[in-house]
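Heads up: the structure comes next, in C-alpha cells.
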Amino acid sequence: MSSFVNEAELDRTMEILNELKKVLQIPEAPPVVLHNKSDAISKLVRPLLADEGSETTECIRQKALGFIENCENDSLNRSIGCILGMAIADAVGAPLEFTSAMDYGPDAPRWDRKTNTYHGIHGNRFNLKRGQYTDDASMGIALCDSLLLSTSDFDGSDARIRWHAWWHFGYANAFLRDDSRSASVGLGGNIGRSLDALVPGHRPPPAVNNDSEDAGNGSIMRLAPVPVRFFLQQDKLLDVARRQSLATHPGFLAAECSAFLSFACARAINLYSPTSPSKFLDETIDAFLTQANYKTHDINHQSIILLLTSTATPSNNPNEQLWNWRSDPLPIMNTLSARGRSYNGYPNTPGYFGSFCMDALAMALHSFYHTTSFDAAIERCINFRGDADSTGSVTGQLAGAFYGASGIPRFLKEQLYVWDRGDTALRALLLWARARDI
C-alpha cells in the first residue's frame, strides 16, 4: 500500500465518488434546534444513499464498498479503519458496559475475540443486537456528517443541533434498519446537560456555556471524523479537536485529550513505514509534547503531562496510578480503592469506571500499547469493563487508524454491516476525499 494517490488510483477514486453523488443524500441539519421528530425525519433520519434497496443504489453501494475493501492506499485504508474502529468497538464493548471494572482476568465477565462470545454476562443494559452501537458512534457519525457539509473547518452550532436530534429523534443511531426500535440509547451526564441547554427553534452557540471543568469521555469517544478530515492539516486538526470537545464539555482536560487522540490518529493515518504499536506511541507522545508547550506550573498541564508520560506512581499519585498505562497489569482495582467513594467531585463507581476522559485515554493507550492487532487491543480494553463501550470506542479509533480497515476482522465488519449497510465506511471515504480535496 501507499499513501500517495497515483493518477490511475485518482481516476478510480473520482469514478467511485461521482457514482456515489448520483444517490448521495448526506443528512442535512436545520439551522435551528428541532421541535419534533416530523421535522427531523425529512432531512436527518434517513439512509446515506437515496432510494435504498433499488437496483441502481445497491449496485453503486457494492461498487463503492468493493473499492474500499480492495483499496491500495494506506491513508484511505487507515482513515476508514479509524471510523469503523469507533463504531465496531462501541458495539463490541456495549454488552460489558456497567459491569464492574476490574483488573484483566480470564475468569471475569469478558468478550473472547477468538470465538466472538461473551462469558459471565446475561444480556446487556440496552438489549442491543450484535453490531448495534450506542452514543459513541452515533455522535461520531453525526459529527462526520457535519464535517462533510460544513463550509468552514467546524460548525459547532450545526454539530450541537445534530447531537440534539440524535438523542431526541433517533438521527444517526443504530436502529434505522431495525423495525423493533428507534429511540437512541447511551446518553451520558455531561452531554445530557449540554443538550438540555438547547432551545428548540433557536440556533445554539458553538460551545457549551458554563464554567465547570466537566471532562467526561464524551468528546473523545466520538472523535474519529476529526483526524480523518484533517490528517493533512495539523494546525486545523488540533483546533477542531478542541472545539468539538468544547461543544459539549467545558473542561480543559477533555479538550486536551481530544487534541492528543486526534494527533495520534492522524499520525497513524499518515504512517509511511511499519512499526510496532509501542514504538509508534512512544514517538507520537514525544512529538505531541514537543509542540504542545505545556506549562509545568499549571495543574491541568501537569495532569496531561503525567498521563502522557505514564509516570504516575502509587506512592506519589495513588488516585492517578491508572495513568501509568505502560505498566502491565494496569492497576484498576488499586486506583478504585485509592479514590474511595468519589473523585474530582464525581462518584467513583466500578460500573462506570473509565467515564473520566483521562482514565478512558489511559485504558485505551494501555490496550493499544500492549497488543499487536486491532481485535486484541479491543479485547483487552473492553474486558476491563466499566464504561466499556466508550473506552472501547477510543481504543478502536486509534487501533483502527494504525492497523487500517484491512486489519479489522471480517466478522466484526459484517456485524456492523447488518445495521449500517456500509454507510459508516462510505462516510469515511467521503471524509478522506474531502481531506485530500478530491
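Annotations
- Tally, over the range 284-328, of residues that are among the acidic types (Asp, Glu) and surrounded by 14 or more Cβ atoms within 10 Å (Cβ to Cβ): 1
- Enumeration of residues in the range 156-199 that are within 19 Å of the chain's Cα centre (by Cα), of a type outside the set (A, V, I, L, M, F, W, C) and more than 15 Å from residue 218 (Cβ to Cβ): 158, 170, 171, 173
- Any hit, the range 264-273, residues being under 21 Å from residue 326 (Cβ atoms), at pLDDT 95 or above, over 15 Å from the mean Cα position of the chain (by Cα) and not aliphatic (A, V, I, L, M): yes
- In the range 73-112, the residues that are β-branched (Val, Ile, Thr) and in a helix (DSSP H, G or I): 80, 83, 88, 92
- Scan of the range 106-157 for residues that are of a type in the set (Asp, Glu) and farther than 20 Å from residue 236 by Cβ, ordered by number: 107, 112, 135, 136
- The residue pairs whose first member lies in the range 247-271 and is among the basic types (Lys, Arg), whose second member is surrounded by fewer than 23 Cβ atoms within 10 Å (Cβ to Cβ) and not in a loop (DSSP other than H, G, I, E, B), and whose beta carbons are closer than 8 Å, counting only pairs six or more residues apart or on different chains, are 267/280; 267/284; 267/287.
- Of the numbered criteria (1) in a helix (DSSP H, G or I); (2) crowded, with 24+ Cβ neighbours inside 10 Å; (3) in contact (Cβ under 8 Å) with a residue 40 or more places away in the chain, the one residue 367 fails is (3).
- The residue of the range 126-145 that is surrounded by the most Cβ atoms within 10 Å (Cβ to Cβ), among those that are touching a Gly at 6+ places or on another chain (Cβ under 9 Å) and not aliphatic (A, V, I, L, M), is 136.
- In the range 234-246, the residues that are closer than 20 Å to residue 83 by Cα and either in contact (Cβ under 8 Å) with a residue 60 or more places away in the chain or among the basic types (Lys, Arg) (or both): 236, 239, 240, 242, 243, 244
- The residue that is farthest from the chain's Cα centre (by Cα), counting only those in the range 281-306 that are of a type in the set (A, V, I, L, M, F, W, C) and more than 19 Å from residue 237 (Cα to Cα), is 299.
- Matching residues in the range 51-72 - criterion: being part of a loop (DSSP other than H, G, I, E, B) and either of a type in the set (Ser, Thr, Tyr) or within 28 Å of residue 408 (Cβ to Cβ) (or both): 52, 53, 54, 70, 71, 72
The values are calculated or read from the model by the stated rules, or taken from the named source; none is laboratory data. All figures in this text were calculated on a predicted structure; none of them were measured in a lab. Because the Cβ atoms are built from the backbone with ideal geometry, glycine has one as well, and the counts that use them run over all protein chains shown.
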